[in-house]
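The values are calculated or read from the model by the stated rules, or taken from the named source; none is laboratory data. Everything numeric here is computed off the predicted structure, so don't read it as measured data. Neighbour counts run over all protein chains shown; Cβ positions are idealised from the backbone, glycine included. Quick note on the areas: whole protein, heavy atoms, side chains included, nothing else; ligands and nucleic acids left out. Shrake-Rupley method; radii C 1.70, N 1.55, O 1.52, S 1.80 Å.
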Amino acid sequence: MPRDPLIGLVGKPSAGKSSTLNSLTDATSKVGNFPFTTIDPQRAIGYLQIDCACARYNVSDRCKPNYGSCVNGRRSVPIELLDVAGLVPGAHEGKGLGNKFLDDLRHADALIHVVDVSGTTDAEGKNTRGYDPSVDIAWLRSEIVAWIRGNLMEKWGSIRRRHIAIKGNAVETLQNQFSGYGSTTVVVQRTLDKLALKEPLEDWSNETIDRVVNAFTDEKFPTVIALNKIDHPDADKNIAKIAKMQDPNKIVLCSAVSEIFLRKMAKQGYVRYSEGSEFVDTREDLIADGDPDGGGLKELDEKARNRIENLKDMVLYRFGSTGVNQVLTKAAEILGLVPVFPVRNTATFQSGAVDSKAVFRDCVLVKKNSTVADVGRKIMGDAPIAYIEGIGGTRVAEDSIVSVGHHDVLSFKVGRA
């Protein structure tokens, strides 16, 4: 069965990785201040914000997800996160927790690199001032490339001889070496297609091997750069520099601590705030807007009031939000994840008990270009599927591609065809 996508969070000590993980996993506010489901000490469930199918079919009032939540057609879908610890320069040489870091890293489908854009922590996470955070971005990639290249070159002579002896093709030969990084033949094929190499594998120079390793790293470990601590006075110049050096489509500006603080204050009844919103209302704000009761909110003390006003000016009004929700959204975007809604009945959108009026109880995330058959295997496992229904009760071919708004509401009928 295809496994669920796994997003790895990486970052040097004190970059704000733990705060980012907490802010990404606090979508349902079920337990404590920062609730999340812990799978093991390094894994947790985050919540990706998507547009739910319930809004498309005007049944948002009856949408009751089994997992996550849905408010006015905006749905929080669980997605697994991996806290990849041990990122220090020289990780590929075994420094720090280097071996464990790289071993954990290989399980991830995409990475979120949390970078302290304030420049107040050095390469080892120690307090400083004026550090260049663009260096951190470069050495994360260099560590991964050096790790993969080192492993490949250590055995290159044997790999080349075997390739010639069995008259193998480049995709199969490389996949045998890259499978340990969680690769597939599709990933290797895309890597080679992008390079359009003319020379056969047995004639590759060291320069060509370097190009292959770099291209494979991009393909296997697509990375979102989460520039954290954007509310710090030194952040602006560093953001401007990094924006010129990196693909702007992979950069997200965020303040994880701000998001955590706002959610905590909202839970305690001091402010009105929706996760990821650009607005936060205090009791005084609501009274000024004409609500004499101030929304039933508690009175803020001067310290908290000043912090919230500063947060509004430095983060929300300036950047449009704390950026935390956008971090996972960007990771899902670079992976091309498509939400699919399995239902029992494609006319009523119900999934549970016959007498239940709840709709769209389940949602699964699949990778772009997945077929209806791929979705069926993910959801139904080895159960025999007689046929598959789409909207309107029409039968859908197994090789049909799913995408948002197209074959994304499906009913799998068990039985022999």
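At-a-glance table
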quantity	calculated
Single match in K413, K303, K368, K330 (criterion: assigned to a strand (DSSP E or B) and farther than 20 Å from C63 by Cβ)	K413
Flag for D362 being over 30 Å from L262 (Cα atoms) and assigned to a loop (DSSP other than H, G, I, E, B)	no
Total residues in region 1-17, condition outside any loop (DSSP other than H, G, I, E, B) and either within 16 Å of A332 (Cα to Cα) or modelled with pLDDT under 80 (or both)	5
Any hit, region 81-104, residues being outside any strand (DSSP E or B) and modelled with pLDDT of 90 or more	no
Within region 272-294, tally of residues that are in contact with a helix residue (DSSP H, G or I) (Cβ under 8 Å, 6 or more places away or on another chain), over 23 Å from C70 (Cβ atoms) and not acidic (D, E)	5
Matching residues, region 57-80, being open to solvent by 10 Å² or more (accessible area, probe 1.4 Å) and part of a loop (DSSP other than H, G, I, E, B)	Y57, N58, V59, K64, P65, N66, Y67, G68, N72
Residue satisfying all of: in region 138-152; crowded, with 20+ Cβ neighbours inside 10 Å and under 22 Å from the mean Cα position of the chain (by Cα); nearest to K241 (Cα to Cα) among these	L140
Region 234-265 - residue that is touching a helix residue (DSSP H, G or I) at 6+ places or on another chain (Cβ under 9 Å) and within 12 Å of G119 (Cβ to Cβ) and, of those, surrounded by the fewest Cβ atoms within 10 Å (Cβ to Cβ)	K241
Tabulated pairs, region 164-185, first assigned to a loop (DSSP other than H, G, I, E, B), second hydroxyl-bearing (S, T, Y), C-beta under 9 angstrom, 6+ apart or interchain	I166/T173; S183/T191
Residue tally, condition surrounded by fewer than 16 Cβ atoms within 10 Å (Cβ to Cβ) and aliphatic (A, V, I, L, M), over region 189-226	3
Qualifying positions in region 371-395 - more than 18 Å from A347 (Cβ to Cβ), in a helix (DSSP H, G or I) and open to solvent by 40 Å² or more (accessible area, probe 1.4 Å)	D374, R377, I379, M380
Residue list for region 100-120, restricted to those being open to solvent by 60 Å² or more (accessible area, probe 1.4 Å), of a type in the set (D, E, K, R) and touching a residue at least 40 places away in the same chain (Cβ under 8 Å)	R106
Residue count, region 99-152 (criterion: among the small types (G, A, S), touching a helix residue (DSSP H, G or I) at 6+ places or on another chain (Cβ under 6 Å) and on the phi < 0 side of the Ramachandran plot)	4
Output for region 121-137, where each listed residue is open to solvent by 30 Å² or more (accessible area, probe 1.4 Å) and either at pLDDT below 90 or outside any helix (DSSP H, G or I) (or both)	D122, E124, K126, N127, T128, R129, G130, Y131, D132
Search result, residues across region 257-300 that are in a helix (DSSP H, G or I) and in contact (Cβ under 8 Å) with a residue 24 or more places away in the chain	V257, S258, E259, I260, F261, L262, R263, K264, M265, K267, G296
Selection from region 368-377 of residues that are of a type outside the set (S, T, N, Q) and either at pLDDT 90 or above or in contact with a Cys (Cβ under 7 Å, 6 or more places away or on another chain) (or both)	V372, A373, D374, V375, G376, R377
